[in-house]
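Let me begin by presenting the structure, written as structure tokens, before commenting on it.
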């Protein structure tokens, strides 16, 4: 370690946030710090999820990277009737998430869930959350108006497969009261 006593570094954990800390003492096997001040508060991060139907490798990598940088906290890959890509390499996605988190100086690393059916996802989605479903046949809604409401749980953006959701799936989604 090239740092020396008196130098300021950043310490963080995914639950509480990030702090500036001064190095007090540095030995071969240990280092002693004095926490100076909180610089990023974890509690200020939104609980924003992305539920998506898997897509081909390169577009998937880009989507995971950019949405991680934008602040997604959880990724949920879902299988729909018209999903073309039926598998996802979770370990590869985790690596992309970690790299994008480091690149954007995030203090938390988003989770990636295992692939599950749309029906299972909808049944398990928290009742106090808000599900944002982009439907071509829906009346216009202003995202700002939706997000200005008091939402206790997570906000989840639901993205369908390349061939869109089937009519049966659209009805299943619309039946959720939280949309």
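The values are calculated or read from the model by the stated rules, or taken from the named source; none is laboratory data. None of the values given here were measured: they were computed from a predicted structure. Virtual Cβ from ideal backbone geometry, glycine too; neighbours counted across all protein chains shown.
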Checklist outcome for this item: Within the range 151-165, the residues that are closer than 20 Å to residue 56 by Cα and part of a loop (DSSP other than H, G, I, E, B) are 160, 161, 162, 163, 164, 165
Item to check | From 114, 46, residue being exposed (fewer than 13 other Cβ atoms within 10 Å of the Cβ) and modelled with pLDDT under 95 | outcome: 46
Checklist outcome for this item: Those residues of the range 15-39 which are outside any strand (DSSP E or B) and touching a strand residue (DSSP E or B) at 6+ places or on another chain (Cβ under 7 Å) amount to none
Item to check | Hits in the range 117-150 - residues which are touching a strand residue (DSSP E or B) at 6+ places or on another chain (Cβ under 7 Å) and surrounded by 15 or more Cβ atoms within 10 Å (Cβ to Cβ) | outcome: 118, 121, 125, 129, 130, 131, 132, 133
Checklist entry - Which of the following residues is on the phi > 0 side of the Ramachandran plot and modelled with pLDDT of 90 or more: 71, 17, 6? => result 71
Checklist entry - Within the set of pairs 6+ apart or on separate chains, which have a first residue in the range 85-99 that is touching a residue at least 12 places away in the same chain (Cβ under 8 Å), a second that is in a helix (DSSP H, G or I), and C-beta atoms under 7 Å apart? => result 93/64; 96/61; 96/64; 96/65; 97/64; 97/68
Checklist entry - Within the range 84-110, can you find the residues that are assigned to a loop (DSSP other than H, G, I, E, B) and touching a helix residue (DSSP H, G or I) at 6+ places or on another chain (Cβ under 9 Å)? => result 85, 88, 89, 104, 106, 107, 108, 109, 110
